[in-house]
1. ASP76 - would you say it is over 11 Å from the mean Cα position of the chain (by Cα) and closer than 22 Å to ILE33 by Cβ?
2. Give the stretch 205-225 a look and list any residue that's in contact with a Lys or Arg (Cβ under 9 Å, 6 or more places away or on another chain) and closer than 22 Å to ASN96 by Cα, or say none.
3. Within the stretch 148-167, work out how many residues are part of a loop (DSSP other than H, G, I, E, B) and crowded, with 16+ Cβ neighbours inside 10 Å.
4. Any idea how many residues of the stretch 168-198 are closer than 21 Å to ASN96 by Cβ, within 14 Å of the ligand (Cβ to nearest atom) and of a type in the set (D, E, K, R)?
5. Among the residues of the stretch 168-198, what is the count of those that are in a loop (DSSP other than H, G, I, E, B) and in contact with a helix residue (DSSP H, G or I) (Cβ under 7 Å, 6 or more places away or on another chain)?
6. Specify which of the listed residues (LEU222, LEU201) is away from the ligand (no atom under 14 Å from the Cβ) and assigned to a strand (DSSP E or B).
7. Show the residue pairs meeting these rules: Cβ distance below 7 Å; 6+ apart or different chains; first residue within the stretch 73-86 and hydroxyl-bearing (Ser, Thr, Tyr); second residue at pLDDT below 95 and near the ligand (Cβ under 8 Å from one of its atoms).
Amino acid sequence: MWGLVSTSKRITSIKTVLLRQSHRYMCQSEDSIRRFISENTEIVGQQSLTPEFRLRLFTPSCKFWTQRPELWPYSDPYWAIYWPGGQALSRFLLDNPVVCRGRTVLDLGSGNGASAIAAALSGASHVVANDIDSVAAIATHMNSELNGLQPPVCLTANMIGSQLAAFDLILLGDMFYDESLATSLHSWLDHCIKSHGTEVLIGDPGRAQFEEHNIRRLLRPLAQFELPESVREENYGLTHSCVWRYTPEL
Ligand SMILES: C[S@@+](CC[C@H](N)C(=O)[O-])C[C@H]1O[C@@H](n2cnc3c(N)ncnc32)[C@H](O)[C@@H]1O
């Protein structure tokens with residue numbers, strides 16, 4: 001239904017659709033969106049890099065899998081996919097709990113909330129999940145509850161470029177899929193690091209927009225993970241996903 005290859009085109013269309021959708025969301029209760037998510041996702045646990053927790057995801061057994069995308073009543077459900085960049089980042093946090101323990105963490109572009117969940121499981125003192133899709137915020141609540149966790153604070157405003165409260169750590173899972181998004185993120189991250197000494201971790205499977213971006217040469221590799229077979233199949237031949245620390249000299 002939704003291919004990863006056309007992600008950036010989709011984002012452009014999402015910006016248009018979001019204006020239309022935001023009114024529709026406001027008219028829907030959280031309960032009805034929860035019901036929709038329950039009925040149109042499958043609870044998945046073992047097939048990702050983080051079998052420690054489960055997520056409600058879009059799979060071939062969901063009825064919309066074979067239906068025309070335009071029948072989906074919301075904007076594209078990025079939150080219903082566990083992206084390879086987010087998988088690597090979440091795996092890294094679970095393997096290295098000291099990275100999050102006792103720290104304030106922002107998962108920006110949180111989607112289904114997986115990295116926010118990994119941060120909470122790793123002992124973060126406070127976790128904020130930020131995604132401009134308000135359905136993603138509800139999915140994040142549901143996924144946290146599914147794993148017996150208190151949901152993080154979920155914010156749906158666009159925080160990129162804003163004056164940010166001081167977070168110890170910012171997580172970016174698969175957020176470098178679009179050149180203009182990557183560029184605005186880059187300058188905003190510089191601001192966060194300069195103002196607050198924030199640590200920035202990025203998970204990415206080597207997408208072209210990431211590899212070719214200026215930020216790429218300023219990153220230090222921390223870990224590389226081989227993607228499980230099912231994730232490779234869903235991601236058109238991607239085989240690995242890496243975690244990077246952004247350490248610019250400012
Ligand atoms: C490719 S998905 C990654 C989701 C998750 N981090 C993961 O790795 O599974 C990108 C997400 O970023 C969100 N997004 C796009 N632009 C954003 C922005 N300016 N601020 C916050 N979230 C944004 C999208 O709605 C989408 O859920």
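The values are calculated or read from the model by the stated rules, or taken from the named source; none is laboratory data. From a predicted model like this one, the values you see are computed outputs, not experimental measurements. FYI the Cβ positions are ideal-geometry reconstructions off the backbone, even for glycines, and counts take in every protein chain you see.
1. yes
2. LEU219, ARG220, PRO221, LEU222, ALA223, PHE225
3. Our first condition is that a residue be part of a loop (DSSP other than H, G, I, E, B); within the stretch 148-167, this holds for 148-152, 156-167.
The next check asks that each one be crowded, with 16+ Cβ neighbours inside 10 Å; those that pass are 149, 151-152, 156, 159-160, 164, 167.
So the count comes out to 8.
4. 1
5. Matching residues across the stretch 168-198 total 6.
6. Result of the check over LEU222, LEU201: LEU222.
7. Partner pairs satisfying both residue conditions: SER75/ILE14.
One line per residue, one yes/no per condition, for (1) β-branched (Val, Ile, Thr); (2) at pLDDT below 85; (3) more than 19 Å from the chain's Cα centre (by Cα):
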{"residue": "THR12", "(1), (2), (3)": "yes, yes, no"}
{"residue": "PHE36", "(1), (2), (3)": "no, no, yes"}
{"residue": "ARG54", "(1), (2), (3)": "no, no, no"}
{"residue": "PRO60", "(1), (2), (3)": "no, no, yes"}
